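Let me begin by presenting the structure, written as structure tokens, before commenting on it.
The values are calculated or read from the model by the stated rules, or taken from the named source; none is laboratory data. The structure presented is a predicted model; accordingly, all values stated were derived computationally and were not measured. Cβ: placed from backbone, ideal geometry, glycine included. Neighbour counts: every protein chain shown. Quick note on the areas: whole protein, heavy atoms, side chains included, nothing else; ligands and nucleic acids left out. Shrake-Rupley method; radii C 1.70, N 1.55, O 1.52, S 1.80 Å.
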Amino acid sequence: MLYLYVDSDREIWQESLQLKLPLDVVAWPHSVDAEQVEYVAAWNPPDGFFAPFTHLKGIFALGAGLDRFHKRDDIAPGTPLIRLTDAGMAQQMLEYVLHGILHFQRDFDRYLQQQEQNIWQSWPYRSARELRVSVLGLGELGGHVAQVLAQLGYQVQGWSRTPKHLEGITTCHGMAALPNLLQHTDVLVSILPSTPETRGLLNADTLILLPRGAVVINAGRGDLIELRALIDQLDSGHLRGAQLDVFPQEPLTAENPIWQHPKLIITPHVAAATLVEEATSQIASKLAQWQQGQSVAGLVTKAAV
């Protein structure tokens, strides 16, 4: 049996999985005999959700990252975790990042301010080849974004925690390489997962290394950026603007003052949504490979908390 937890479109997910899997699929909040549950497909379920399932063979994460699952104390260490590999998210991520780049490259932030003041003034055109874009995180999503941006003519460089090679992209890795990359960046794009090494990576000490007038786009994880440090750099005029899709605490509360910050574009974690048909087809394929003893892309074991 596979138990499904999603917070929207539950019936659509359940129907799609049931059509593709040789297992009974039951969706939360329907009651279930926990001992019969062999697999779970879920994204961000409540605390303690996994504790009753003592016979789990594996957990499918309905998203690209596994950091939220590694942090949980209701999943036993060593439990197999399987993440989705793209499932329609790479194209969405590219569109999100490209929107952010173009917003500032083509001066739409300035034109919106001018519209509020009835000002008719044009700004000099800045071409893609003049813009230095650095992508933090070169996994499937970040790698796709970096390569397409390079094809579009941007000066692209990429950074990752471990060595990565992408054709046509200048890459570097490790903390020692980060300062030099930041110093030569006009648009910083973060598509990193949340790990002990990446949490707070963009802070007062690193953000100040960006050239004056640089822009930050974060579509990775909310704890990668120290928000107070980012706001300070925006307020001082050192940074021109930022587009943020993720935050340390979500949802962002209505009372949070950053909603009104004139240099921020805020979106509600929508950069790359999981698409039902692509995701369920991938789960079915990965499960079949796993049961046949084949290697499964995106499979790791739960780390100890």
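Observations
- Toward the positive end of the charge dipole of segment 3-81, with +1 on the Cβ of Lys and Arg and -1 on the Cβ of Asp and Glu, the farthest Cα among A76, L21, F50 is that of A76.
- The candidates T185, T267, arranged from most to least accessible area with a 1.4 Å probe in the full protein assembly, appear as T267, T185.
- Lysine pairs in the chain with Cα atoms under 27 Å, if 8 or more residues apart or on separate chains: 12
- Rounded to 5, percent antiparallel among DSSP beta bridges of the chain: 5 percent
- Considering only G174, G293, G237, the mean-square fluctuation computed in a Gaussian network model of the chain, springs between alpha carbons under 10 angstrom, is largest for G293.
- Karplus 3J(HN,Hα) series, Hz, for segment 36-48 with 6.51 cos²θ - 1.76 cosθ + 1.60 (x for Gly, Pro): 8, 7, 9, 9, 10, 10, 7, 9, 6, x, x, 4, x
- With at most 13 neighbouring Cβ atoms within 10 Å, loop GluC sites (Glu not before Pro) (DSSP) excluded, longest segment of the chain: 1-166
- Here segment 40-102 has 55 percent of its accessible surface on carbon and sulfur atoms, given a 1.4 Å probe and all protein chains in place.
- Cut-off of 10 Å, at most 15 other beta carbons, DSSP loop: longest stretch of the chain lacking such trypsin sites (Lys or Arg not before Pro): 213-305
- Taking the chain and dividing mean pair separation by its residue count, relative contact order in percent (alpha carbons under 8 Å, at least six apart): 19 percent
- Segment 206-280 and segment 12-78 have Cα centres separated by 30 Å.
- Positive contributions from Lys and Arg (+1) and negative ones from Asp and Glu (-1), summed over other residues with Cβ under 15 Å from the Cβ of N203, come out at -2.
- Summed over the residues of the chain and divided among them, the accessible surface reaches 49 Å² per residue at a probe radius of 1.4 Å.
- Within-12-Å neighbourhood charge of Q14 [Cβ basis; K, R +1; D, E -1]: -2
- Net +/- balance of residues flanking G58 in space, Cβ distance below 13 Å, scoring K and R +1, D and E -1: +3
- Estimated 222 nm signal from helices in the chain, with DSSP H stretches of n ≥ 4 weighted -39500 (n - 2.57), rounded to 500: -8500 deg cm²/dmol
- Overall, the chain carries a charge dipole of about 940 debye about its Cα centre when +1 sits on the Cβ of Lys and Arg and -1 on the Cβ of Asp and Glu, all other atoms neutral.
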